[in-house]
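Some notes on the structure that comes next.
No value in this document is a laboratory result; all are computed from the given coordinates. Just so it is clear, the model here is predicted, and its values are computed rather than measured. Here Cβ is always computed from backbone atoms with ideal geometry, including for glycine, and neighbour counts include all displayed protein chains.
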Amino acid sequence: MEQRKFGKSADPRLINYFFQLIIKFLNNKRQIRCIHKVEKLLDPDTKGKPHKRFLYGYLDKKDHIYISADPRKNFDKEEMSSTLLHEVIHVVMNQVGEEDVQCLEKLIWERFSKRQKAILKSYIPKEFSSRRPS
Ligand SMILES: [Zn+2]
């Protein structure tokens, strides 16, 4: 059976549409209240427990997004932007489970153009936030 291969040059309309959707959500304060860049991000579910877990990103119940700048999680701004995309996918598709969101993040991120990645990157705050998810 012949396997169809989808290269990165596959029809970009779906990716461009998705990009517009992501930006629309990022610009709507009612959907995403605020983005916080934090030095490290402890999983609030493991707070006070013996096995603490640190996260790449987190979306809290008040629609705040946290992005970890810890290089053991997000190595650079590029990875932080991919994590931001991940958290926005959670907002856009709030019924979709973690594994599928991870899958979508990878599929979409690697198809974004350099320019689209740069635009997403510009949403990562310059300053660190002291707020933590509760
Ligand atoms: Zn997730």
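Considering only residues in the stretch 52-93 that are on the phi < 0 side of the Ramachandran plot and among the acidic types (Asp, Glu), the one that is surrounded by the most Cβ atoms within 10 Å (Cβ to Cβ) turns out to be Glu87. Here the stretch 118-134 is the region considered, the condition is being out of contact with any helix residue (DSSP H, G or I) (no Cβ under 6 Å at 6 or more places or on another chain) and under 22 Å from Arg13 (Cβ atoms), and the residue that is surrounded by the most Cβ atoms within 10 Å (Cβ to Cβ) is Ile119.
Of everything in the stretch 67-123 that is small (Gly, Ala, Ser) and in a helix (DSSP H, G or I), the residue that is nearest to the ligand (Cβ to nearest atom) is Ser82.
A search for C-beta distances below 9 Å between a residue of the stretch 92-119 that is in contact (Cβ under 8 Å) with a residue 60 or more places away in the chain and any residue that is within 10 Å of the ligand (Cβ to nearest atom), counting only pairs 6+ apart in sequence or on different chains, returns Ile108/Ile89.
Just so you know, in the stretch 42-66 the residues that are within 14 Å of the ligand (Cβ to nearest atom) and either among the aliphatic types (A, V, I, L, M) or part of a helix (DSSP H, G or I) (or both) include one that is nearest to Lys126 (Cα to Cα), and it is Ile65.
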